[in-house]
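Chemist: Let me begin by handing over the structure; questions about it come next.
The values are calculated or read from the model by the stated rules, or taken from the named source; none is laboratory data. The structure displayed is predicted, hence computed values, not measured ones. Glycine also receives a Cβ, built like all others from the backbone with ideal geometry; neighbour counts cover every protein chain displayed. Side chains included, ligands, DNA and RNA excluded: accessible areas come from the protein's heavy atoms. Shrake-Rupley method; radii C 1.70, N 1.55, O 1.52, S 1.80 Å.
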Amino acid sequence: MNWFINGGVMETKAGLLGGGGKIWLQLWETVIGNCCKMYHQYYQYIGSKKVKKTWWRRLLVAWVLSSILASLWIFHYMSSQATEKRKEALGNQNFLTTRRCAEKERTFARYTERTAFERPLTSGVAYAVRVLHSDRERFEKQQGWTIKRMDKIEQSPVHEDDYAPEDLEPSPTQDEYAPVIFAQDTISHVVSLDMLSGVEDRNNVLRARASGKGVLTAPFKLIKTNRLGVILTFAVYKRDLPSNATPNERIQATDGYLGGVFDIESLVEKLLQQLASNQTILVNVYDTTNQSHPISMYGKDVSEDGLQHVSPLNFGDPDRKHEMRCRFKQKQPWPWLAMTTSIGILIIALLLGYIFHATLNRIAKVEDDYHEMMVLKKRAEDADIAKSQFLATVSHEIRTPMNGVLGMLHLLMDTDLDVTQQDYVKTAQDSGKALVSLINEVLDQAKIESGKLELEAIPFNLRADLDDILSLFSGKSQEKGLELAVYVSDSVPETLVGDPGRFRQIITNLVGNSIKFTEKGHIFVTVNLVKEVIESIDLEIESSKNSTLSGYPVANRRLSWAGFRTFSQEGSTACHFMTSPPDLINLMVSVEDTGVGIPLEAQSRIFTPFMQVRPSISRTHGGTGIGLSISKCLVGLMKGEIGFVSVPKIGSTFTFTAVFTNCSNSSEYNNTQQIKNTSISATSEFKGMRALVVDHQPIRAKVSRYHIQRLAINVEVLSDLNQCLSTTTISGSTVNMIFVEQKLWDQNVSTSDHFIKNLRNSYAVPPKLFLLTSSISSSKASTTVSDVFTPTVILKPLRAGMLAASLHRVMNVGIKGNPRNGELPVLSLRNLLLGRKILVIDDNKVNRIVAAGALQRYGADVVCENSGRDAIQLLTPPHHFDACFMDIQMPEMDGFEATRRIREIEHRINDGIQVGELSKEAYENTCYWRVPILAMTADVIQATHEECLRCGMDGYVSKPFEVERLYREVSQFFHSTSNGTL
């Protein structure tokens, strides 16, 4: 802005307007400066002060008035400049005043030579000699003509055509004569005329002779032309005279007279032609020797323009005065430039005023909208806080009784119940879990809408979690006879860092939908690295009978990820993944089914919350319609994408990507990971064994081999029983187990019987035979041979833990370490809690009973109290509690405040022991006191979890208790205790 005021713009305007524009520039600078000040003052107070409308309206009116005045001033200034230019044009006609004869007292020849360049301004030059009366006769004889008189011609002018010099009368007798003896051709008719015979000429000649200066006649009509003119006369002396010579001396020294004739009309017209102004300017020349009666020498008085410029003329005679008056032929034209410029500036100023007015109106409106939005924002924030509090309260109030219901049902299942009672209890448990799942979905959707959904970053075993998901849906898949399987590529690391709960939630939603809408065929979950999909075409499964899990056709899964940004440019994307950090793992997960598919008209709204294909879906299959919406949001938080392809009556395939961190080589999680996600420890018992898989479906055989190889068993895949017979007969190596697909086994009973007989004859200790089936109805194997060779049926879906347990049971192989069957091992949890003294703090009696029962079930010694103050009293060192389970929402003192105080007490005691102020023996020789405190909360809001960690808690378990979560949290600090670190 300073440059705008002081720099280029000001210089430009100054150059445009000249010196007279300084006032305008100063006014402009003042206006701009004040506007800038008002601009800054307004924005300094925006939001706290509202600009009054009357103030800026007055300013606008002042601006408009000043703009009008400025435009009028500019119009006046430019009009006056145009007038001045016209005056200057008239003044330029004074060129005539600079043209004068420079005659001197020299000979005629010298004079004419010196004045040759000015001859266009004179009508002619003549020379008259001084002749005394005594010499007249001799002179006339010498010249051949008589001296003529001139006064008669002056009195009676003769027309040019009637003029005849020979008809003129001789000059009368007088003392001396001044006959013209030489003249230019233009005035040759004056030769022989006596200049002293004319009244006007005589006076001029006598004065010129006596003064020694040029003398100008009064205007008179020239001989022959009868046009007004003047004669400038100089005396020519016989010798050079001093400047102070007397008149008598000059008369005596006079030799003759030199006269210059000026035809005024011709002179002015020639000058106007030279100036190219004769078409626009009128010139009048006056003899003003007599001011009261000026003599008009040239020009007319007719003119429409009143503007006139008067300048004096000097013909060389100081005694005679002349003036030249110049005027334009026509009136001054309208000053269009001044008018358009002033009007243009006025319009610009009015536009600026309008912009200023509109800007202030807009600012005022924005300010009003801002205040309104702030009010609405405050209301929305208050509503969001109220909503969050409501959700937290509702979640707590619903989960608290549900914790009691499910806890008591769980305890009831441990009592002696008949089959009918167990079925009732199981139904009640399933209904309670469905209600809790529904609550979780609604809460997740609320957190998504408020932007408060966040992910954890903890290590987890991907394959073990997928086994858990298979266990969750195994019952429904077996009831329907569906093939349910998972395959994880060998390139996927064993342990990843991410949010396993949310990852499981995505796959659970997708597999759950597939289970709902699939009546025959399969549900197949595959996990690969994204770069594998890019690099290898073998991972693409075509829709053919032999290249699917169950043999049913499926939708082309490639179309499910065709719209991903990751695959928009395969070349650059592949290069990107080749150069990506090695600790980042980008997974692609596909869930393929052979269900009814999604109608084309419903596919566009499949990820819309609370939207279902048809209203009858919720009545037929249940659900809220927000599972896929939540899954899409979770995939986005995992920096991935989700898509699907669906063909009605063929099936659907959902594919999503997710980015995790590889922690296989990270020591940060090594100790925790060993407990959190226990790997299959049965591998040492089965390592080196050999197994055969007999299945005519390549994909299904590949899945079976994947799960068996997880137990470190060497696996060979065969397509039929006959090939299996030749392999077991020819091969010298021992086959420990044979896995045969149930459908292949039941196709030909005679072949199956023959196969068993050959096994009995070929081996002293025949390999164990297992039938793999996905249906409960076909789980009983039919055979006609001895019970020793009866095949063992294994129900799919296959999981490493379940498979290891089946092999252990049939082959009598002991499993050391922690078993894993997709569920958390009860034995391991009992080992962790056995003999542990645990304090349970909850104000609800039912919750205390449920918590105590759950912990006592695993061998813990439980003490229950109902307030935070009791917790502080019991956990003040020294004490003998190994852990504390503390409810958050309690009267008088909540769990957060109680935990803070307990941590403060522990910190104070630890510092005292460290510096020696407190005796170590008084605190049971323990140098560091910190009891693990786990929050028992029915509130699943993320902010609650963060507050738990902030106040000093070590973790949390949600109500109702989940055994898996309980094991994962307890294993952290109790594992450390076993190593002597607590």
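Chemist: Near the amide H of residue 195, under 5 Å away, which other amide H atoms are found, from residues 5 or more places off or on another chain, if H is placed in the peptide plane?
Modeler: HN-HN under 5 Å from residue 195: 178, 180.
Chemist: Which links in 516/768; 649/702; 426/743; 447/639 stretch past 28 Å when you go from one Cα to the other? Provide the component values of the computation, followed by the final result.
Modeler: Details: 516/768 36 Å; 649/702 26 Å; 426/743 32 Å; 447/639 18 Å.
Cα-Cα > 28 Å for 516/768; 426/743; rest within.
Chemist: Further question on the same structure: Hey, rough spin-label estimate for residue 270 and residue 376, points 7 angstrom out along Cα→Cβ, what's it come to in nanometres?
Modeler: Modelled inter-label distance: 9.1 nm.
Chemist: Same structure, new question: Between residue 421 and residue 368, take the C-beta separation as r, use R0 = 60 Å, and let me know the FRET efficiency to the nearest 0.05. Could you put the intermediate results ahead of the total?
Modeler: Details: r = 69 Å, r/R0 = 1.15.
In this case the efficiency is close to 0.30.
Chemist: Could you give the length gained by full extension between residue 339 and residue 243, i.e. 0.36 nm per residue of separation minus their alpha carbon distance, to one decimal place? Don't skip to the end; give the middle numbers.
Modeler: Values: separation 96, 0.36 × 96 = 34.56 nm, distance 6.12 nm.
Difference between extended and current length: 28.4 nm.
Chemist: If you look at just the Cα atoms of region 125-328, how large are its Rg and its Dmax in Å?
Modeler: Considering region 125-328 through its Cα atoms, Rg and Dmax are 18.7, 61 Å.
Chemist: Which far-off residues, 5 or more places away or on another chain, put their amide H under 5 Å from the one on residue 792, with H placed in the peptide plane?
Modeler: Here the answer is 769, 770, 771, since their amide H atoms fall under 5 Å of that of residue 792.
Chemist: A further question on this structure: Tell me the GluC sites (Glu not before Pro) within region 357-456 that lie in a loop according to DSSP and have at most 14 other beta-carbon atoms within 10 Å.
Modeler: Values: sites: 367, 372, 381, 397, 441, 449, 454, 456; in loops: 454, 456.
Qualifying residues, ordered by number: 454, 456.
Chemist: Once both labels are modelled 7 Å past Cα along the beta-carbon direction, what's the residue 169-residue 351 spacing in nm?
Modeler: Label-label distance for residue 169 and residue 351, simple model: 8.5 nm.
Chemist: Starting from 0.36 nm per residue, how many nanometres of slack lie between residue 717 and residue 750 once their C-alpha separation is accounted for? Show your work: numbers first, answer last.
Modeler: Numbers: separation 33, 0.36 × 33 = 11.88 nm, distance 2.20 nm.
Separation in residues times 0.36 nm, less the Cα-Cα distance, equals 9.7 nm.
Chemist: Between residue 76 and residue 292, how many nm apart are label points set 7 Å from Cα along the C-beta direction?
Modeler: Computed distance between label sites residue 76 and residue 292 equals 4.3 nm.
Chemist: Using the Kirkwood radius over C-alpha pairs as Rh, can you work out the diffusion coefficient of region 297-370 via Stokes-Einstein at 20 °C, viscosity 1.002 mPa s, in µm² per second? Intermediate values should be presented prior to the final figure.
Modeler: On the way: Rh = 18.1 Å.
The Stokes-Einstein estimate is 118 µm²/s.
Chemist: Across region 125-328, how many lysine pairs, 8 or more positions apart or on different chains, have C-alpha atoms separated by under 28 Å? Please give the number.
Modeler: 25
Chemist: Additional query: Set the Förster distance to 30 Å, then compute FRET efficiency between residue 199 and residue 308 from the Cβ-Cβ distance, nearest 0.05. Kindly include the intermediate steps, with their values, before the conclusion.
Modeler: Values: r = 34 Å, r/R0 = 1.13.
Rounded to the nearest 0.05, the efficiency is 0.30.
Chemist: For residue 718, what residues show an amide H to amide H distance below 5 Å, using hydrogens built from the backbone and excluding near sequence neighbours?
Modeler: 693, 694, 695
Chemist: If you don't mind, there's one more thing I want to ask. How large is the Kirkwood hydrodynamic radius of region 387-483, counting all unique pairs of alpha carbons, in Å? Please list the in-between numbers first.
Modeler: Details: mean 1/r = 0.0610 Å⁻¹.
Hydrodynamic radius (Kirkwood, Cα only) of region 387-483 equals 16.4 Å.
Chemist: OK, next. Residue by residue through region 909-926, what is 3J(HN,Hα) from phi via Karplus (6.51 cos²θ - 1.76 cosθ + 1.60, θ = phi - 60°)? Round to whole Hz and write x for glycine and proline.
Modeler: 5, 4, 5, x, 5, 5, 8, x, 6, 10, 7, 5, 5, 5, 10, 6, 6, 9
Chemist: Provide the gained length on full extension for the span residue 761 to residue 918, in nm with one decimal, where the gain is 0.36 nm per separating residue minus the Cα-Cα distance.
Modeler: Working: separation 157, 0.36 × 157 = 56.52 nm, distance 7.94 nm.
Using 0.36 nm per residue and subtracting the Cα-Cα distance, I get 48.6 nm.
Chemist: So, one more: Keeping the other protein chains in place, figure out the carbon and sulfur percent of the accessible area of region 125-328, with a 1.4 Å probe.
Modeler: On the way: 4830 of 10190 Å².
Ligands and nucleic acids excluded, carbon and sulfur give 47 percent.
Chemist: I'm checking a number: the convex hull volume of the Cα atoms of region 825-972, normalised per residue, in Å³. What is it?
Modeler: On the way: hull volume 15.4 nm³, N = 148.
Convex hull volume per residue, Cα atoms: 104 Å³.
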